Amino acid sequence: MSRYFTFNTIVELTCLLVASICLTKDSNRAWRGMFWFLLITCVTEMTGIYVKGLYLADRAHVRPNSWVYNIFIIFEICFPSLMFIKILTKYANSKPTILCGLAIMYLVYVYEVITDGIFKKHNLTITLMAVLFVLYSLYYFYCLLKDESYINLKYSPAFWWVSGILFYYFGGTACNIFYNKLSTVIVTPKHYLTYYIYNALNLILYSCWSYSFICRKWLTKTSAA
Amino acid sequence: MVDKDISGLIIITTLIFLIAPAFLVLYIFIYNRRKKRHIEEKAQMQLTFEAEIAKTQYEVQEQTMQTIGADLHDNIGQLLSLTSLTLNSIELDNRLKAREKVDAAIDLTVRSIKEMRLLGKLLQGDQLVVSGLSEAIRHEINWMERSGKYKIKYTRAEDLPAANNPDKDLIVFRILQEILNNIIKHAHASRIYINLEYNEGTLKLEITDNGIGFNADELTDDQRGMGLQNMRKRAVIIGGEVAIKSNPGEGTQISIFIPYP
């Protein structure tokens with residue numbers, strides 16, 4: 001049982017807990033969707049650990065857990081894209097562009113499923129997703145700078161949510177690009193280098209998101225009062 | 001060895017890729033704080049501006065009331081006293097003399113009515129600008145033309161902004177009234193040209209007359225204080241300026257530039 005509680009899963013479960021407290025009654029569908037996305041993330045993570053256990057026990061008959069994370073990509077593409085539509089609506093009509101990006105990502109995903117199958121990590125889709133999400137984040141920041149009205153960023157849920165995305169996907173660029181080489185680099189006898197980098201990135205991402213969910217709850221409470 | 005090299009390279013690259021967004025976020029925070037300060041300063045400036053406008057409007061109103069008071073006392077009061085005296089001194093037995101005195105009393109009453117109309121016009125300013133500056137100028141010109149002493153040509157550009165600024169309109173209109181009053185009182189002019197135009201966010205009102213003109217440097221402090229200084233002060237309050245071109249015997253040209261609306 002304890003193997004299910006890794007650094008990553010604890011961070012993700014904490015974020016899920018915060019989301020369940022702050023977002024389940026949110027008036028906006030995109031923000032409410034973040035709770036379901038985190039739930040799917042945690043389920044994927046647990047399934048990944050379970051499949052990894054099976055694989056380590058019987059390498060001859062069980063495949064590595066990459067296919068679990070490949071299925072997760074479907075949700076990873078969808079939910080943040082919907083959030084970006086919601087966040088950017090305030091500044092521009094970004095819906096067509098983001099839906100276009102969504103279609104391209106799914107096309108590349110299908111292409112990778114056809115060419116590489118489901119058991120090999122879909123690195124091209126992940127890289128493309130990272131690039132698009134970074135671009136959306138930068139566009140959001142650009143809109144924020146251009147906007148004449150003042151927003152208190154310390155308590156802005158959208159700002160912290162986008163910051164988390166930017167840190168995670170921009171920071172993970174090096175890992176994505178050198179993934180094939182990195183997967184052979186072992187730092188400690190137990191873990192690859194990518195494990196530590198992704199742990200750090202996950203910590204930043206889920207910390208930013210948790211804080212953004214809390215801000216969202218505050219904001220809803222304040223506007224209701 | 002190769003593994004160590006790659007690890008070092010990836011860690012450094014990842015750190016750089018994390019520092020870059022960190023700086024970006026920091027920059028946005030700093031920029032946002034500046035934006036807040038700028039908005040606060042703008043609001044403060046707007047408040048100061050509104051206070052200045054209110055003060056100027058009050059001063060203009062006060063000045064108008066003073067003019068009305070002085071006119072009532074010195075002019076209309078005198079005329080009416082004179083009318084009363086004339087009517088009192090009528091001797092009904094002497095019909096010819098009585099006729100003369102009644103005619104004199106009628107003349108004095110007509111002059112009083114004229115003076116009253118003049119005062120009424122002064123009080124009307126606030127209502128006139130409600131229908132726009134150009135309309136108020138036209139009304140003022142109509143009134144002056146009725147005296148038959150002046151030939152006035154008014155030209156107005158077609159591209160005047162559709163949106164009005166009543167506060168600025170009233171102040172510009174009061175400056176124009178001041179200029180026209182000066183022309184009536186001092187210029188001995190027969191022709192007046194008024195031109196209203198708009199260019200790149202600036203409203204320009206130009207008043208030219210063919211009167212006796214003056215040398216601005218030779219005006220006494222009192223003369224300057226009453227007219228020209230007031231005009232300049234009012235224009236500055238709404239962010240504008242007044243340019244005066246005049247020489248003895250060559251008429252006067254006064255241009256008012258106001259950022260508009």
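The values are calculated or read from the model by the stated rules, or taken from the named source; none is laboratory data. This one's a predicted model, so the numbers in the text were calculated from it and none came from an experiment. Here Cβ is always computed from backbone atoms with ideal geometry, including for glycine, and neighbour counts include all displayed protein chains. These area figures cover heavy atoms from the full protein model, side chains too; ligands, DNA and RNA do not enter into them. Shrake-Rupley method; radii C 1.70, N 1.55, O 1.52, S 1.80 Å.
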Helix runs (DSSP H) in chain A reaching 15 Å along axis by Cα, Kyte-Doolittle at least 1.6 = A:7-22, A:66-88
inquiry  = Could you identify which residue out of B:110, B:25, B:129 has the top mean-square fluctuation in a GNM of chain B using Cα springs shorter than 10 Å?
reply    = B:25
inquiry  = Summing both sides, how much accessible area is buried between A and B? Use a 1.4 Å probe and give Å² to the nearest 100.
reply    = 2300
task = Report the full-extension gain for the segment residue B:51 to residue B:63: residue separation times 0.36 nm, less the Cα-Cα distance, to one decimal in nm.
result = 2.5 nm
note = A chain fully extended from residue B:80 to residue B:199 at 0.36 nm per residue, minus the present Cα-Cα distance, gains in nm 37.9 nm
message = Can you compute the helix-only [θ] at 222 nm over the protein assembly as shown? Use -39500 (n - 2.57) per DSSP H run of at least 4 residues, normalise by all residues, nearest 500 deg cm²/dmol.
response = -23000 deg cm²/dmol
request  = Pop the C-beta distance of residue B:109 and residue B:44 into the FRET formula with R0 = 45 Å and round what comes out to the nearest 0.05.
outcome  = 0.25
note = The local net charge around residue B:239, scoring Lys/Arg +1 and Asp/Glu -1 for residues other than residue B:239 whose Cβ lies under 12 Å from its Cβ, equals -1
ask   = Between residue B:241 and residue B:215, what FRET efficiency comes out of the Förster formula 1/(1 + (r/R0)^6) with R0 = 25 Å and r the beta carbon distance, rounded to 0.05?
value = 0.75
ask   = Karplus couplings for segment B:209-216 from phi (6.51 cos²θ - 1.76 cosθ + 1.60, θ = phi - 60°), rounded to Hz, Gly and Pro as x?
value = 10, 9, x, 6, x, 7, 9, 4
note = Counting only protein heavy atoms and leaving out ligands, DNA and RNA, the solvent-accessible surface of residue B:236 at a 1.4 Å probe, in Å² to the nearest 10, equals 100
ask   = Any idea what the relative contact order of segment A:1-159 is, in percent, if you count C-alpha pairs under 8 Å spaced at least 6 apart?
value = 19
message = Nearest 10 degrees is fine. How inclined is helix B:77-88 to the longest principal axis of chain B, computing both from alpha carbons?
response = 20
query = Under the definition of Cα pairs under 8 Å and six or more residues apart, what whole-number percent is the relative contact order of segment B:132-261?
reply = 26
key: Residues of segment A:2-224: accessible area per residue with a 1.4 Å probe, Å²   = 50
ask   = Ranked from highest to lowest mean number of other Cβ atoms within 10 Å per residue, what is the order of the peptides B:63-76, A:86-99?
value = A:86-99, B:63-76
note = Shape call for segment B:132-261, from the Cα gyration tensor axes a ≥ b ≥ c (a/c under 1.5 means rounded, otherwise prolate when a/b beats b/c, else oblate), comes out oblate
key: Approximate spin-label separation residue A:89-residue A:10, in nm, with each point projected 7 Å along Cα-to-Cβ   = 3.8
message = How shielded is B:12-24 by partner chains, expressed as the average number of their Cβ atoms within 10 Å of its Cβ atoms?
response = 6
key: Mean separation of Cα contacts under 8 Å, 6 or more apart, over the residue count of chain B: relative contact order %   = 14
task = Starting from the Cα of residue A:148, move 7 Å in the Cα-to-Cβ direction to define the label point; list residues of segment B:181-206 whose amide nitrogen is under 17 Å from there.
result = B:201-202
query = Which whole number gives the average count of other chain Cβ atoms within 10 Å of the Cβ atoms across peptide A:129-141?
reply = 1
request  = Mind checking which lysines have their Cα closer than 29 Å to the Cα of residue B:35? Skip sequence neighbours fewer than 8 apart in that chain.
outcome  = A:86, A:90, A:95, A:146, A:154, A:217, A:221, B:168
task = Give the ranking of A:72, A:119 by solvent-accessible surface, highest area first, calculated with a 1.4 Å probe.
result = A:119, A:72
key: Accessible area, probe 1.4 Å, largest first, for residues B:186, B:139, A:61   = A:61, B:186, B:139
message = For B:159, A:58, give me the order by solvent-accessible area with a 1.4 Å probe, most accessible first, ignoring ligands, DNA and RNA.
response = B:159, A:58
task = Return the carbon/sulfur percentage of the accessible area of chain A, one whole number, probe 1.4 Å, all protein chains in place.
result = 68
task = For helix B:95-128, report the angle its Cα long axis makes with the longest principal axis of the Cα atoms of chain B; keep it between 0 and 90° and round to the nearest 10°.
result = 10
remark   = If every Lys and Arg gets +1 and every Asp and Glu gets -1 at its Cβ, then about the Cα centre segment A:31-107 yields a dipole, in debye to the nearest 20, of 220
